[in-house]
Amino acid sequence: MPKVLRVVDRRRCIGCLSCRQACARLRGDYSPSNAALDVKTAGGMSGEFIITICMACEDPACMEACKFGALTKRSGGGVVFRKDKCTKCGACARACSVSAIRMDKEGYPIICTHCGYCTRYCPHRCIATKEV
Amino acid sequence: MLHKDFIRVLYIDLTKEEYRFEERRDLFKYLGGTGVAAKLLEENIKPELDPLDPAQPIVFANGPLSFVMPVCTKVVATFYSPHTREYGESHAGGRLAMAMRFNNIDAIVITGRAKHPEYLVIDDKVLFKDARAMWGLSVEDTGKILRQHTSGSGIRSSMRIGRSGENLVSYAGVNVDTYRHFGRLGLGAVFGSKLLKGIVIIGDEPVKIPKENMKKYREVYDSIYDTVTKTDVMEKYHAVGTSINVLPLNEMNALPSLNLQTTRYEYAENISGERFAKEVLVRKVACSGCQIGCIHIGQFRREFDDGYEYETVNVSYDHELVFALGSFVGLKNPEEVLQLIDVVEREGLDAISTGVALGWATEAYKRGIITIDDTLMPFEFGVLPNYMAAVHYIATGKNEFYKALGRGVDYASKKYGGQDFACHLGGNEMPGYHTGYGSVVGFSVGSRHSHLDNAGYSIDQARTREEDIVKKIFEEELERNILTSLVICLFARKVYNRDTIIKALDAVGITLTNAELTEIAKEILRTKYRIKEKLGYSLDQIKVPKRFFKTITLNGKLDEEKANNMIKEYKAMIDELMK
């Protein structure tokens, strides 16, 4: 069964950013800005944390927006990214209604593969992979 | 800098509104943090000028492990302290270490004075922004404005001062990301003297992990991550938090209370960490890169009007705050303590110094050394409203008395009397432990007069033999220079033993041996003492106020002569180090 990444309990988040760091590490980078998921505060540290991840849409708007075939449907939800076809136009990021796609410094979209590596580094089990 | 052989220093001149970067290979051997910051302070300090002269520098430094290894979360600030008028060093967590790392900045040196109140935004470039409209605003309100007007939510850090910093209160701090602080020794006043209201740093640059390091890095990271999250090494900080200390310290006659008239507090149970957790704790948050989440947030509501009109306030608390703004001033329940913390936070004061100042003022008032003409209202241990008003008066320098109180208990007691019960050590207000010679001597000789310099309180609690105390203080003071150069949060000191440190450094491409690390620690401590000497400081000048010998500790009543001899013994060890 394919798995997808889900936010299980956002309210438990302490904002340690270990998940973002884990994703970046997998991508060969130390910087949390280079991660497929995003954790930030609404209203500063006294506000709640917001965790933005790819929602693994069955009918992905990002894929629809990509005119170059760089995004194809992933089994279980979400998309598979083909860098060789990407023109760095950013249409996918603009199309995502929850802003789950960010662009890296080279201009490519950072697409979540739903591998679940980040979930191993969440000390409070806020995120998890679920079979679909 | 990560996988480079230099320290990248950002120099900012507020007067000229200019900045430049330097890649300093010569600084690389001092690791980062306290090592690099002390060196840069030594280079840039102007001993002949006042601590608040525009020419004086503010230095920040993170370290080679910042964010890339678990719980390496701190930034070290060094400056000429307007409070003790000697070496100033203060540490803060939050997101600052990460934001600097991913802006490719290892250290920052700020000099000059802005033409009018300004704040800095450090992104791809350094922007000098108008802060005139924010001057006079609280830490909290300033933070909200900075957030609204900058990008990078989640990967930026925001520092700011409150009114106390603007008004040059010598123990004004700098707030970092709402719940962390460069609290001690008056960095906030140095910001104020430069008309610098705040700094926002955005850390969104990628930093590639070299392919050849990847395997090693992941292994070492995972092993440290597992120690942090799956063992009980750091449990104390995670669960009840540092305020778990309140009850045990009280039971061992070591909780400074009522201006250190006693170390056993009648209401300790009511303000214990356990009581806070039960009644007011609502959540915990973490510094970036720390899985522990030791920042305990307490909440209270206040009815501001009839008809069930409430405001809700969140404040962070810790042992030091519960002691300084709790037992030291006789408050009796968590909600009262949180209310006092809240005003101290809004004004941007150092919590420990403020609490100790209020404690001294209360006793001085009781004894008739100061009168209502000075204080403008009666002071009584345990009476909250007047303390809350007094905090505002300190921050704004309401009258001559509050201006003096805003320079600390050493200064105020020299002016008004009551030096015997002015609870400072080396000019800095005491922290929340009166455990024995280790604490009194340790805080006195500590290079920044902080309980975290050498943890003398911990040496006492281990029931160390008297003749071994000074040696242990010296060894710990030396060793912590490594931790605070890397910059590892001291709460993780048991995770990062020498073996782990060497492995962690190796994983990011820095090869050092045990002996080399020890030599670096020595050179860093020497640097601090060279600065101290330039500023006219000497360990000979330390005079421990009488109160420390009158009030019982865990190790009984202390003997003044014995303590003074220990300070001399420490001085001899420093003299030996400096040869």
In the set B:Ile209, B:Ile155, which member is under 20 Å from B:Ser66 (Cα atoms) and outside the structural domain of B:Glu18 (by TED's automatic domain parsing)? B:Ile209
Among helices (runs of 4 or more DSSP H) completely within the stretch B:358-430, the ones holding 3 or more residues that are in contact (Cβ under 8 Å) with a residue 60 or more places away in the chain are B:384-396
Return the residues of the stretch A:56-81 that are surrounded by fewer than 19 Cβ atoms within 10 Å (Cβ to Cβ) and either at pLDDT below 95 or under 28 Å from A:Cys122 (Cα atoms) (or both); say none if nothing qualifies. A:Glu58, A:Lys73, A:Ser75, A:Gly76, A:Val80
Test: A:Gly69 is within 9 Å of chain B (Cβ to nearest Cβ) and farther than 30 Å from B:Glu219 by Cβ: no
Inside the stretch A:24-37, the number of residues satisfying the requirement of being buried (at least 22 other Cβ atoms within 10 Å of the Cβ) and not in a loop (DSSP other than H, G, I, E, B) is 5
Across the stretch B:276-322, the tally of residues that are part of a strand (DSSP E or B) and touching a Lys or Arg at 6+ places or on another chain (Cβ under 9 Å) stands at 11
Anything in the stretch B:209-228 that is within 12 Å of chain A (Cβ to nearest Cβ), more than 21 Å from A:Ala35 (Cα to Cα) and surrounded by 16 or more Cβ atoms within 10 Å (Cβ to Cβ)? List them, or say none. B:Ile224, B:Val228
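A quick yes/no check of all residues on (1) in a helix (DSSP H, G or I); (2) farther than 30 Å from B:Leu96 by Cβ:
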{"residue": "B:Val487", "(1), (2)": "no, no"}
{"residue": "B:Lys503", "(1), (2)": "yes, no"}
{"residue": "B:Ala563", "(1), (2)": "yes, yes"}
{"residue": "B:Met566", "(1), (2)": "yes, yes"}
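The rows are residues; the columns are (1) more than 13 Å from every other protein chain (Cβ to nearest Cβ); (2) touching a helix residue (DSSP H, G or I) at 6+ places or on another chain (Cβ under 9 Å).
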residue: A:Pro32; (1), (2): no, yes
residue: A:Leu37; (1), (2): no, yes
residue: A:Phe49; (1), (2): no, yes
residue: A:Met55; (1), (2): yes, no
residue: A:Pro60; (1), (2): yes, yes
residue: A:Met63; (1), (2): yes, yes
residue: A:Val98; (1), (2): yes, no
Looking at B:Met234, B:Met159 in this structure, which one is under 28 Å from B:Tyr87 (Cα atoms), crowded, with 21+ Cβ neighbours inside 10 Å and aliphatic (A, V, I, L, M)? B:Met159
Per-region count, the stretch A:77-95, residues touching a strand residue (DSSP E or B) at 6+ places or on another chain (Cβ under 9 Å) and in a loop (DSSP other than H, G, I, E, B): 6
Would you point out the residue of the stretch A:1-19, among those that are among the hydrophobic types (A, V, I, L, M, F, W, C) and closer than 18 Å to A:Val98 by Cβ, that is nearest to the other protein chains (Cβ to nearest Cβ)? A:Cys13
Taking A:Gly44 as the residue in question, decide whether it is in contact with a Lys or Arg (Cβ under 7 Å, 6 or more places away or on another chain), surrounded by fewer than 16 Cβ atoms within 10 Å (Cβ to Cβ), of a type outside the set (Phe, Trp, Tyr) and assigned to a loop (DSSP other than H, G, I, E, B). no
Out of the stretch A:110-124, which residues are more than 11 Å from chain B (Cβ to nearest Cβ), assigned to a loop (DSSP other than H, G, I, E, B) and not small (Gly, Ala, Ser)? A:Ile111, A:Cys112, A:Thr113, A:His114, A:Cys115
If A:Arg125 meets every condition in (1) in the same structural domain as A:Leu17 (by TED's automatic domain parsing); (2) surrounded by 19 or more Cβ atoms within 10 Å (Cβ to Cβ) apart from one, which number is that one? (2)
Sole residue being among the polar types (S, T, N, Q) and either modelled with pLDDT under 95 or closer than 30 Å to B:Ala404 by Cβ (or both), chosen from B:Ser170, B:Ser223, B:Ser157: B:Ser170
Tell me the strands (runs of 3 or more DSSP E) entirely within the stretch B:167-275 that contain at least 1 residues that are of a type in the set (A, V, I, L, M, F, W, C) and over 20 Å from the mean Cα position of the chain (by Cα). B:196-202
Quick one: in the stretch B:269-290, of everything that is within 22 Å of B:Arg156 (Cβ to Cβ) and surrounded by fewer than 22 Cβ atoms within 10 Å (Cβ to Cβ), which residue is farthest from the other protein chains (Cβ to nearest Cβ)? B:Arg283
Out of B:Thr500, B:Thr527, B:Thr484, B:Thr518, sole residue that is surrounded by fewer than 19 Cβ atoms within 10 Å (Cβ to Cβ) and closer than 17 Å to B:Gly63 by Cβ: B:Thr500
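The values are calculated or read from the model by the stated rules, or taken from the named source; none is laboratory data. A quick note: this is a predicted structure, and the numbers were derived from the prediction, not measured. In this analysis, Cβ positions are derived from the backbone assuming ideal geometry, glycine residues included, and neighbour counts consider all displayed protein chains.
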